[in-house]
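K.L.:
Quick one: this structure, given as structure tokens, is what I'll be asking you about.
The values are calculated or read from the model by the stated rules, or taken from the named source; none is laboratory data. For clarity, every value in this text was computed on a predicted model and none was experimentally measured. Note that each Cβ is placed from the backbone with ideal geometry, even for glycine, and that neighbours are counted across all protein chains shown.
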Amino acid sequence: MNAALQLGALALAAAVLSVAVRAQRPEFVLPLQIAAAALLILAVLPGVKEGWQTLAQTFSRLAVPQGVTAALCKGAAVCLVTRLCAAFCKDSGNEALAAVLLFAGRVGTLLPALPLLQEVLEIVQGFAG
């Protein structure tokens, strides 16, 4: 809880600073926001790593193939990175670029799952005959 409050305070401070800087030096807003985002991401990475390890251990106990776990991790990473970058693009006024980036992120999220889809189709084909 304390860490969440600290992260929230950092994000709020960066947002207020961005608004204040935008009036005088708008070219500094995007680097300020990227730096704040990087700090926030670095702060939560240990928790993310621990969560992914727990998920991988759970999948391992359930005998889920490692390819499934890898596809899930890759898809989630692609989704998070593209959403974050699209938010930066949108905030800097490049909404069309943000929309294209979100589309590319959706495609990039689906690509790691294609081998899983093939496996599912092979299982269905095995049941069918």
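K.L.:
Checking the condition over 20 Å from residue 31 (Cα atoms) and assigned by TED's automatic domain parsing to the domain that holds residue 15, which residue from 53, 118 passes?
P.N.:
After ruling out the rest, the residue left standing is 53.
K.L.:
Just checking, how many residues over the stretch 59-114 are within 24 Å of residue 40 (Cα to Cα), at pLDDT below 85 and touching a Leu at 6+ places or on another chain (Cβ under 6 Å)?
P.N.:
Count: 1.
K.L.:
Are there any pairs with C-beta distances below 8 angstrom linking a residue in the stretch 1-23 that is of a type in the set (Lys, Arg) to a residue that is in a helix (DSSP H, G or I) and surrounded by 13 or more Cβ atoms within 10 Å (Cβ to Cβ), with the two at least 6 apart or on different chains, and if so which?
P.N.:
22/29
K.L.:
With closer than 27 Å to residue 8 by Cα, touching a helix residue (DSSP H, G or I) at 6+ places or on another chain (Cβ under 8 Å), surrounded by 13 or more Cβ atoms within 10 Å (Cβ to Cβ) and touching a residue at least 24 places away in the same chain (Cβ under 8 Å) as the only criterion, which of 102, 84 stands out?
P.N.:
Result: 84 is the single residue among 102, 84 that is closer than 27 Å to residue 8 by Cα, touching a helix residue (DSSP H, G or I) at 6+ places or on another chain (Cβ under 8 Å), surrounded by 13 or more Cβ atoms within 10 Å (Cβ to Cβ) and touching a residue at least 24 places away in the same chain (Cβ under 8 Å).
K.L.:
Identify, please: which residue in the stretch 49-73 is under 17 Å from the mean Cα position of the chain (by Cα) and surrounded by 13 or more Cβ atoms within 10 Å (Cβ to Cβ) and is, among those, farthest from residue 120 (Cα to Cα)?
P.N.:
52
K.L.:
Name the helices (runs of 4 or more DSSP H) wholly inside the stretch 20-129 in which the number of residues that are closer than 27 Å to residue 7 by Cα and of a type in the set (S, T, N, Q) is 1 or more.
P.N.:
Where helices (runs of 4 or more DSSP H) fall fully within the stretch 20-129 and carry at least 1 residues being closer than 27 Å to residue 7 by Cα and of a type in the set (S, T, N, Q), they are 29-61, 66-91.
K.L.:
Return yes when residue 76 is without any contact (Cβ under 8 Å) to a residue 60 or more places away in the chain and within 17 Å of the chain's Cα centre (by Cα) and no when it is not.
P.N.:
Criteria met by residue 76.
K.L.:
Kindly indicate whether any position in the stretch 30-48 is without any contact (Cβ under 8 Å) to a residue 40 or more places away in the chain, within 30 Å of residue 119 (Cα to Cα) and out of contact with any Leu (no Cβ under 8 Å at 6 or more places or on another chain).
P.N.:
Yes, because at least one residue in the stretch 30-48 is without any contact (Cβ under 8 Å) to a residue 40 or more places away in the chain, within 30 Å of residue 119 (Cα to Cα) and out of contact with any Leu (no Cβ under 8 Å at 6 or more places or on another chain).
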